[in-house]
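A.B. asks: My questions will all concern the structure given below.
Quick note: the coordinates plus some simple rules give every number you see, no bench work behind them. Because the structure is a prediction, the values reported are computed rather than measured. FYI the Cβ positions are ideal-geometry reconstructions off the backbone, even for glycines, and counts take in every protein chain you see.
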Amino acid sequence: MFVTNNKSSESPYGSFGLYARMNPYSRIYDDNGQLIQSYNYNGTFEPNPIWNTTINTKDVSEYTDLSNYFYGEWKIKPQLKLVGRLGITAKDYQTDIFYPASHTNFINETNVYQKGSYNQTTGKSLYTSGDLGINYSFMKGSHLFFMNGQVNFNNTKYDRVSLSAEGFPNDQMDHVIFAIQYADGGKPSGSEGISHSAGGLASLNYSFDERYLFDANYRLTGSSEYGSNQRWGTFWSVGAGWNIHKEKFFEGSSFINQLKLRFSTGYTGSQGFNTYEALSTVRYYTSEAYYGRIGSYLVSMANPNLRWQSKYDSSVGVDFSLANKRVNGRFDYYVANTESMLTDVTLPASTGFNYYRANLGKTENKGIEANLNVRVYQKDNNYVNVYASAAHNKNKLKEISNSLQAFNNEQDEEKSQESSASKESITTPSVRYIEGESINTIWAVKSLGIDPQNGKEIYMKKDGSVTYEWDADDQIAAGDAMPSVTGTFGISSEIKNIGCNVAFYYRLGGQIYNSTLVDKVENANLAYNVDKRVYTDRWQKAGDMALYKAISNTSYTRPTTRFVEDYNTLTLSSVNLYYDFRNTSLVKKSFLQQLRFSVNMNDLFVISSVKTERGTDYPFARNATFSIQATF
Amino acid sequence: MKIFVKNNIISGISLIVTLMMFLTSCDDYFDVSPKSQILTDEHFNRESGFLDQLTGVYSKMSRTSMYGRELTFGLAEVLSQNYDMDGDNVYRYAVEYDYDNSGVQSRINSIWSSAYNCIANLNIMLDYYQNVDSAIFTENHYNLYRGEALGLRAFLHFELMRSFAASPVYNSGALGVPYITEYSPSVTPQVSVNETMDYIIGDLQEAVSYLESDSLYSAESKYAYRGERQFYFNYYAAKQTLARAYLWKGDLQNAAIVAEEVIEDYSEERTPPFSWTHYTEIQGVKNDEINRIFSGELVFRLNITNMADIVDPYFTEEAGANSFYFTEEKLDAYFEKSSKGLGNDFRSLFGFSYDGENQYLWKYHQYGSFDDMMPVIRLSEIYYIAAEAQKETNPARSIELLNIVRENRNITIDDALPETLTAEEIQEEIFKEYRKEFLGEGQLFYYYKRLNYSTIEGSSVAATNAIYVWPMPDGEIEFGNR
């Protein structure tokens, strides 16, 4: 049984980004040496975030986690085994966020009753699961059977309540009970849910003479989350393998140690949607009454035929081991089709609702994965290994629901607006669902650059004509955010007790939309501290061959191919060096059993074809960790 | 040895099989009950579930997107050109019939989606009525709730027909609005206006038969509850809607029959459920003693809890740009004050507040026991229906019926309509009555539409189907293949 208690507090300093955007000429202290709380920018007040460290605030999360696992095994016969497990996890948590009236969040608030806020969230969850399995194996001659059967269940229950209060004149009164009132229009909110699922599985493995391998699996799963007509999902898969190296014609080959062909195909299920969408339910109005009675209403258009989203996977692969097992590798090719995807289907309003959940839509993922590991040198305890891996995946939407088309239109409309509550919805390329395209496609309008005459961006329309107007209909598939190849490579070695592990990560091919560049240079708010390129690289007068639009142009830059860049990177993701005192006189002669010094560094450098800022909220950091491990 | 092992396999497998069968048979394990939501299977297991579901529909109907504003004094009334308003009133595009304007469109769309959402909420309740054990209901509630639900379903469809489909006089073969009778995501195809009206009439007839248990009709023991029944879709609401539907469809014979049946029920000897507003009710000095809304005549009214908050932004001087007002000249013409000397009409005398320049409609400024009432169906309309339906066959009766209403509005016998009026003149008098009686209640626009008037008084735009038929929401057209 484990009991965990964790308490964490956020720093009162706030995010680094708040400091980075402050104007460098803003003073911290006034003439009397007092910390300045805010600066007047044309009528609205901008905060000095350091002020918040001088007052009492609170941002604390705490949880207690209790878990218990029980495991039992009964060997009925040497080949027959019964295994049972039962697990319970209970969690209680509370989050308190308190800002008093003097906090810079309220510098633009005039109503004293609304200055100061307290948000409290409490919740608990309970998760229980268990299974009972039976294994049986037997061998006769060259035939080997292994059978496995299991039944299992899962129960999940959660309950979360949060409330907001406001009006905290004094920063020392940091308890929610000191609030003047509930937040304007606020009332307790939260969520609650429960789900039950249960299932069983049966599998059979058979091998003949260790050469031919077969397996078959059958799984049955039921969940309260699925439609009452479709409670159970059934999934099956079959696989086969051929150990070629065990064949007679290979016997005695000293070069090939292992050569195995694998093939598998079948369905795997997945779930993931709101617990009650399959059931028709009603709720009660919480703020409306009719003639002294509270009425009920249908929550949604239920779909009792909702069923498990299924994924059909097929893969072929080969495992090999050569030259005295010094060269090992594996290669896989897979095709995964997700069918009957759970998506919203838009309904005509005459049904009474705007959408319902249904199984519609298909996506396809195809890819290859390869691994190679070579032991270049080995003598006694000294070795040098080099390894490399590569993966390629291609994603394609094969069928989508009408709601996703509607979603695309909605996003296009939003992009065409002058302004919006969320700037990102205008300035960043949207995910568009188009049949035959990848979900990772970057959509932007073709740009011909900045007109040196007037500093406006020139766009190319779909029909080839040019315009200054950005139009959502002219968006083209300007790139693919998914790389052609990604992988890792590196060395791991130990020579004379000195160990060295170096790992690189690379990505080749594919593009990125350089959002930071757009935001920091073209969509920057000039009232704040900005990237210097705003002043040096933006168009200022006729004849400027500028990369960026006119400095006087304060409209948002919408997705344009100008900022779609090829994205190739090489990252030194980790370096680990150690010295192990194994077999040294220091260890042998002392009470120590083991002693090791090591240093570990992550993300040492990134070489990229795209220059990007990694954001000021979590600035890039290089960490080195030194550690000493000793066993007595 | 071998046999023993086999036995073990069999017992192992049978253990699994038993467990699986246990899980399969135990489907209840998956029927979990959320706290924040109630499964409809449980909700409609109790009488209160049915009542609460109906209450929820009335709640939704009372919102500003429906009868709280748009279908009464808001959009529907604005389209009749009754109001005078400033150039920057929020309804300035609506009054120009600019249905493409996004603001107007959102009002129209939300009427469509709210009405159909109410219908879905009624349909699920009616679905459960198919199999419910009537023993769970007390008193007359089994019939009452069922009748109300059926009646409301027809009433709401009829309202949608009046707004979103061609009037039968113009083209009874045109497509009506989809008539939805089940809670289901499948798209219901449209049928012709005439066929849709037949569905509405069918549902209303069924509703009337269930509602015969209504205390307003049976009038025996539950007299005390009468006032309360006006807040629900009662027997007379259903019956009057039926008469209205026949008239809309152009079936004058049946309209006359149903209307006369209702009027017969209202005759003195039968303790009428509704009573004409007596002058003593409106001549009070204190605001809470003045029955400006004529509450006793409201056959069906909705309870709007925050009435003042909803109407004050439109019907006061302080409302500024958004206020609806009437010029002196307009009211003089409507009530035929100088032309015929009918200025003592209660509706004119007590219906307005004068700020020295304009007249503001005052029926929605409600106090005391006359508060929070939104008229949806009025007693007088049944007299107008009966009069209109018999103007050719029995003009004398038509004139008599109109004079009953006029007399109760304080138009003296000396000013009564003469029996010599032609059918055409009768219709003209009915028009004037609609305009006076339902001022600010969203009925006049549909009067114009029903008779397919080629102009709407006060508008320079020719009144065609482009005005009379509101556009369905884009989503309905796209995803419903309309």
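A.B. asks: Compute the FRET efficiency between A:Y334 and A:L372 as 1/(1 + (r/R0)^6), taking r as their Cβ-Cβ distance and R0 = 22 Å, and round to the nearest 0.05.
C.D. replies: After rounding to 0.05, the efficiency reads 0.75.
A.B. asks: Fewest first, what order do A:H196, A:H143 take by the number of other Cβ atoms within 10 Å?
C.D. replies: Least to most surrounded, the residues fall as A:H143, A:H196.
A.B. asks: Now a separate question. Residue farthest toward the positive end of the dipole of the protein assembly as shown, with Cβ of Lys/Arg at +1 and Asp/Glu at -1: which of A:N365, A:Y99, B:P395?
C.D. replies: Highest projection toward the positive end goes to A:N365.
A.B. asks: Computed over the Cα atoms of the stretch B:190-334, what is the ratio Rg over Rh, Rh following Kirkwood?
C.D. replies: Computed over Cα atoms, the ratio is 1.04.
A.B. asks: Just the C-alpha atoms of chain A: what Rg/Rh do they give, with Rh taken as the Kirkwood radius?
C.D. replies: On the way: Rg = 31.2 Å, Rh = 31.3 Å.
That ratio equals 1.00.
A.B. asks: Could you work out the relative contact order of chain B, using alpha carbon pairs under 8 angstrom and six or more residues apart, expressed as a whole percent?
C.D. replies: It comes to 18 percent, rounded to a whole number.
A.B. asks: Continuing with this model, one more query. If R0 is 41 Å, what FRET efficiency do you get for A:V83 and A:K7 from their C-beta distance, rounded to 0.05?
C.D. replies: With a Förster radius of 41 Å, E is 0.65.
A.B. asks: While we're looking at this one, here's another question. Using DSSP to define loop residues, name the chymotrypsin sites (Phe, Trp or Tyr not before Pro) in the stretch A:464-564 whose beta-carbon has at most 14 other beta-carbon atoms within 10 Å.
C.D. replies: Filter output for the stretch A:464-564: A:Y468, A:Y528.
A.B. asks: Per residue of the stretch B:148-161, what does 6.51 cos²θ - 1.76 cosθ + 1.60 with θ = phi - 60° give for ³J(HN,Hα)? Whole Hz please, x for Gly and Pro, Karplus curve as stated.
C.D. replies: For the stretch B:148-161, the Karplus curve yields 4, 5, 5, x, 5, 4, 5, 4, 5, 4, 5, 4, 5, 4 Hz.
A.B. asks: What number, in percent, do you get for the relative contact order of chain A if the mean sequence gap of Cα pairs under 8 Å and at least 6 apart is divided by its residue count?
C.D. replies: Relative contact order for chain A comes out at 7 percent.
A.B. asks: Pop out the ³J(HN,Hα) list for the stretch B:322-327 in order, Karplus 6.51 cos²θ - 1.76 cosθ + 1.60 with θ = phi - 60°, rounded to Hz; leave Gly and Pro as x.
C.D. replies: Ordered by residue, 3J(HN,Hα) equals 8, 6, 9, 9, 10, 7 Hz.
A.B. asks: On to the next question. Report the relative contact order of the stretch A:412-567, percent, no decimals, based on alpha-carbon pairs under 8 angstrom and at least 6 residues apart.
C.D. replies: Relative CO of the stretch A:412-567 lands at 27 percent.
A.B. asks: Projecting each Cα onto the charge dipole of the stretch B:41-125 (Lys/Arg +1, Asp/Glu -1 at the beta carbon, about the Cα centre), which of B:I119, B:Y97, B:Q81 comes out farthest on the positive side?
C.D. replies: B:I119
A.B. asks: Can you divide the C-alpha Rg of the stretch B:119-173 by 2.2 N^0.38 Å and report the result to two decimal places?
C.D. replies: 1.51
A.B. asks: Report the Cα-based extents of the protein assembly as shown along its three principal axes, largest first, to the nearest Å.
C.D. replies: Extents along the principal axes, in whole Å: 129, 92, 65.
A.B. asks: Magnitude of the Cβ-charge dipole of the protein assembly as shown, K/R +1 and D/E -1, about the Cα centre, nearest 20 debye?
C.D. replies: In debye, rounded to 20, the protein assembly as shown gives about 8020.
A.B. asks: Give me the distance in nm between label points sitting 7 Å out from Cα along the Cα-to-Cβ direction at A:S15 and A:Y113, one decimal.
C.D. replies: Placing both labels 7 Å along Cα→Cβ, they lie 3.2 nm apart.
A.B. asks: Also, I was wondering about something else. For A:I476, list long-range residues whose amide hydrogen, built 1.01 Å from N in the peptide plane, is under 5 Å from its own amide hydrogen.
C.D. replies: A:A444, A:V445, A:K446
A.B. asks: Given the -39500 (n - 2.57) contribution per DSSP H run of 4+ residues, what per-residue ellipticity at 222 nm results for the protein assembly as shown, rounded to the nearest 500 deg cm²/dmol?
C.D. replies: Calculated from helices alone, the mean residue ellipticity at 222 nm is -7000 deg cm²/dmol.
A.B. asks: Report the charge-dipole magnitude of the stretch B:217-367 in Debye, nearest 20, computed about the Cα centre from +1 at each Lys and Arg Cβ and -1 at each Asp and Glu Cβ.
C.D. replies: So the dipole magnitude of the stretch B:217-367 works out to roughly 420 debye.
A.B. asks: Among A:T110, A:T612, rank each residue by its count of other Cβ atoms within 10 Å, from fewest to most, as a rough exposure measure.
C.D. replies: Going from least to most buried by this count: A:T110, A:T612.
A.B. asks: Using the Cα centre of chain A as the reference point, and only Cβ charges (+1 on K/R, -1 on D/E), how large is the resulting charge dipole? Debye, rounded to the nearest 20.
C.D. replies: Taking the Cα centre of chain A as origin, the dipole is about 2680 debye.
A.B. asks: Shifting gears a bit: Give me P(r) over the stretch A:412-567, computed from all C-alpha to C-alpha distances, binned every 5 Å, as integer percentages.
C.D. replies: 2, 8, 14, 17, 17, 13, 8, 6, 4, 3, 3, 2, 1, 0
A.B. asks: Along each of its three principal axes, how wide is the spread of alpha-carbon positions in the stretch B:115-225, in whole angstrom units, largest first?
C.D. replies: 47, 31, 18
A.B. asks: Further question: Show me, for the stretch B:54-70, the HN-Hα J-couplings you get by feeding each phi into the Karplus relation (A = 6.51, B = -1.76, C = 1.60, θ = phi - 60°), rounded to Hz, glycine and proline as x.
C.D. replies: 4, 4, x, 5, 4, 4, 5, 5, 7, 5, 5, 5, 10, 7, x, 7, 4
A.B. asks: Here's a follow-up. With viscosity set to 0.890 mPa s at 25 °C, what whole-number translational diffusion coefficient in µm²/s follows for the stretch A:29-121 from Stokes-Einstein and a Kirkwood radius over Cα pairs? Please report the intermediate quantities before stating the final value.
C.D. replies: Numbers: Rh = 18.2 Å.
Translational diffusion coefficient: 135 µm²/s.
A.B. asks: Got a sec? Charge dipole of the protein assembly as shown, +1 on Cβ for Lys and Arg, -1 for Asp and Glu; which of A:V466, A:W236, B:L160 is way out at the positive end?
C.D. replies: Towards the positive end, the residue furthest out is A:W236.
A.B. asks: Another question about this same structure. When B:E206, A:E399 are ordered from fewest to most other Cβ atoms inside 10 Å of their Cβ, what list results?
C.D. replies: A:E399, B:E206
A.B. asks: Mind listing P(r) for the stretch A:1-48? All alpha-carbon pairs, 10 Å bins, whole percents.
C.D. replies: 19, 39, 19, 10, 8, 4, 0
A.B. asks: Can you divide the C-alpha Rg of the stretch B:47-480 by 2.2 N^0.38 Å and report the result to two decimal places?
C.D. replies: 0.94
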